[in-house]
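Taking it in order: structure first as structure tokens, then the write-up.
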Amino acid sequence: MKILLQWLKEYVDADDPHPRPKEMNLGNNAATLLALAALLASGSACAAENQNRTTETSTREFLVKLSRWPGEGVPVIAVDVGQSVAVYKDPGSVRPAKTVEVRQNQTLEWDETTILVYQFGQMEISEPVTAEIYVFSGIDPHGQMRSGRSTTREFSRGEKIDIVSYLAEGAYLFSQRGEYFAMSAEDKGRLLREPETEWWIHVNQPQEFSGWVRVDGQQVKVIDRTF
């Protein structure tokens, strides 16, 4: 958790409303892969449901936008299946602006990333615990998490906390009583509901195409990470 808190202090930057990918010297582990798989599966499920939903708007309404990616390191993203990929005008768009032909296993060059949260998940505390947390001072309109402070907080048995999204190193972004805070979820409670999220990247390949692409973990997915 101390490593995560140090990373959070270095990663958040209230002066940069449009963050670029930054390298993070964090380790990978099984918890990371499981949490990332759950996040991508959630995005795939809500996208499939959205295809059958009639809407008057061009984009889905979301609760929170985060200008970041899930997991440690800088992800290398590629088209894994098929010979085309759907490209959208904005993250969360219901219908693609176009479909472009690509090579299988083609790596995508991207310059922006965002996670859209449509519904919070929930965790129930199993036993009374005093936990180290990092409380953010807020999330700006661009989705950048504002610098905050490290502290400790007591949680009671049976207390329920909203899960916003997975962060890194086994930690999640939580919401409670109007505050957003990062905390390791290890040995603290049981999952009642996964958050409903989508992960998007802005692909910028001037010689080929540019636009927003959803990382669904199936056709478009992470094939490697750099540290």
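Points worth noting:
- The residues in region 175-202 that are touching a strand residue (DSSP E or B) at 6+ places or on another chain (Cβ under 8 Å) and either within 19 Å of Leu66 (Cβ to Cβ) or of a type in the set (S, T, N, Q) (or both) can be counted, and the count is 19.
- Considering region 86-131, the residues that are over 30 Å from Lys188 (Cα atoms) and touching a Pro at 6+ places or on another chain (Cβ under 9 Å) include one that is most open to solvent (accessible area, probe 1.4 Å), namely Lys89.
- Counted as qualifying within region 132-227 are the strands (runs of 3 or more DSSP E) with 2 or more residues that are crowded, with 18+ Cβ neighbours inside 10 Å, namely 160-166, 171-176, 179-184, 196-205, 209-214, 220-226.
- Hits in region 103-115 (condition: in contact with an Asp or Glu (Cβ under 8 Å, 6 or more places away or on another chain) and either in contact (Cβ under 8 Å) with a residue 40 or more places away in the chain or on the phi > 0 side of the Ramachandran plot (or both)): Asn105, Ile115
- On the stretch given as region 62-99, residues that are of a type outside the set (Lys, Arg), assigned to a loop (DSSP other than H, G, I, E, B) and either under 24 Å from Phe209 (Cα atoms) or at pLDDT below 95 (or both) total 16.
- Pairs are defined by a Cβ separation below 7 Å, a sequence spacing of at least 6 or placement on different chains, a first member in region 116-143 that is within 17 Å of Pro70 (Cα to Cα) and without any contact (Cβ under 8 Å) to a residue 12 or more places away in the chain, and a second member that is among the charged types (D, E, K, R) and in a loop (DSSP other than H, G, I, E, B); no pair meets this definition.
The values are calculated or read from the model by the stated rules, or taken from the named source; none is laboratory data. Bear in mind the structure is a predicted one, so any value in this text is a computation, not a measurement. In this analysis, Cβ positions are derived from the backbone assuming ideal geometry, glycine residues included, and neighbour counts consider all displayed protein chains. To get the accessible areas, we keep the full protein, side chains included, count just its heavy atoms, and leave off ligands, DNA and RNA. Shrake-Rupley method; radii C 1.70, N 1.55, O 1.52, S 1.80 Å.
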